[in-house]
Amino acid sequence: MEKYMLIKKVGEGTFGSVCSAINKQTGEVVAIKQMKNKRYHSWEECINLTEVQSLIKMSKHPNIVKLREVIREHDILYLVFEYMECNLYELIRKRGRRVFSEDEVRNWCFQVFQALAYMHQCGYFHRDLKPANLLVSNNVIKLADFGSARKINSGQPFTQNITTPWYRAPEVMLKSPTYTSAIDMWAMGAIMAELFTLRPLFPGLNGADQMYKICSVIGTPTDNSWPHGIRLARGMNYQFPYLPGVHMSIVMPSVSDDATSLIRSLCSWDPFKRPTAAQVLQHPFFHKCYYVIPPSPRTTPAAYCQQNTNTNKNTAVIGIQAGIC
């Protein structure tokens, strides 16, 4: 950490705090995430973290935040990232009543769906999509904060305590022991709607209120529309409130039919009825967009470990360099 000069704290999360810093050797501004609530006594612990593994594998994608270095110093873990100017939550909060144009929403969301399509193709899902985890600089948006990311085919029961409640898919709220990358698609449906209205689509005060908010917009699920969800609810002794729902055009007036139809499909009760990120990229809403061919998942940055033996035996660095794993 000697080569970095910390500037100020820019964020605080469940897994760590983030500060902006300057690389004293190059003058580059970076963001440094200090992991908290755990001591890291070996390199194996560091490099085996899913957050580190996933970022190393996907670091070449233009819409995924780049991991520069992994540093373990005095058993504290630091992740060094490229610096981005702000996040989507901050942009929404600063807008006041001036809604974003449809072209702005289209541009941002297309970039995010490209990142998600690549991430899911690489075998991971994010599990904590929200405006604060989408970083923006000069109209480029990047997916960030992979602390909750997991391998899709890990075969293990997944925790229900993930994602901010406003963006949490209903199967997670109903404590399904397994779920898929479709939870990322639900979150993106809610985020898209929020970009159009500058208000959360499902702003629940608690779990019950959250489900009520969802039902009030998309209507109560039935045995035909989502049989698995009905079984999950019965297993919890939960009764859905009966609400007919409303058309998305009522929630988002002056928004195109293509946009509202996409949001409605993303916010389907049944996760198997939600489009995949790759399918979303082909939706009519994005026909004006230019698709950027992502790097092959087989060609990923390689990690190298360099032990700092000159100054401090308690300090070591993993750098990220181009290569093939």
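It is to be established whether one or more residues within region 105-112 are of a type in the set (A, V, I, L, M, F, W, C) and farther than 25 Å from Thr276 by Cα. No, there is no match, as no residue in region 105-112 is of a type in the set (A, V, I, L, M, F, W, C) and farther than 25 Å from Thr276 by Cα. Considering only region 54-72, I want to know if a residue exists there that is modelled with pLDDT under 90, touching a strand residue (DSSP E or B) at 6+ places or on another chain (Cβ under 9 Å) and either among the aromatic types (Phe, Trp, Tyr) or assigned to a loop (DSSP other than H, G, I, E, B) (or both). Among the residues of region 54-72, at least one is modelled with pLDDT under 90, touching a strand residue (DSSP E or B) at 6+ places or on another chain (Cβ under 9 Å) and either among the aromatic types (Phe, Trp, Tyr) or assigned to a loop (DSSP other than H, G, I, E, B) (or both), which makes the answer yes. Among the residues making up region 118-155, those that are within 18 Å of Arg106 (Cα to Cα), in contact with a helix residue (DSSP H, G or I) (Cβ under 6 Å, 6 or more places away or on another chain) and assigned to a loop (DSSP other than H, G, I, E, B) are Leu129, Lys130. Does Ile250 count as under 30 Å from Val136 (Cβ atoms) and surrounded by 20 or more Cβ atoms within 10 Å (Cβ to Cβ)? The answer is no for Ile250. Residues of region 73-85 that are under 17 Å from Asn139 (Cβ atoms) and surrounded by 15 or more Cβ atoms within 10 Å (Cβ to Cβ): Glu82, Tyr83, Met84. The number of residues in region 41-72 that are surrounded by fewer than 17 Cβ atoms within 10 Å (Cβ to Cβ) and more than 23 Å from Leu129 (Cβ to Cβ) comes to 7. Of all the residues in region 221-247, those that are touching an Asp or Glu at 6+ places or on another chain (Cβ under 9 Å) and touching a residue at least 24 places away in the same chain (Cβ under 8 Å) number 6. Go through region 252-287 and count every residue that is free of Cβ contacts under 8 Å to residues at least 40 places away in the same chain and under 14 Å from Phe110 (Cα atoms). Number satisfying all stated conditions: 6.
The values are calculated or read from the model by the stated rules, or taken from the named source; none is laboratory data. Everything quoted here is computed from the prediction, not taken from an experiment. No Cβ is skipped: glycine too gets one built from the backbone with ideal geometry, and neighbour counts run over all protein chains shown.
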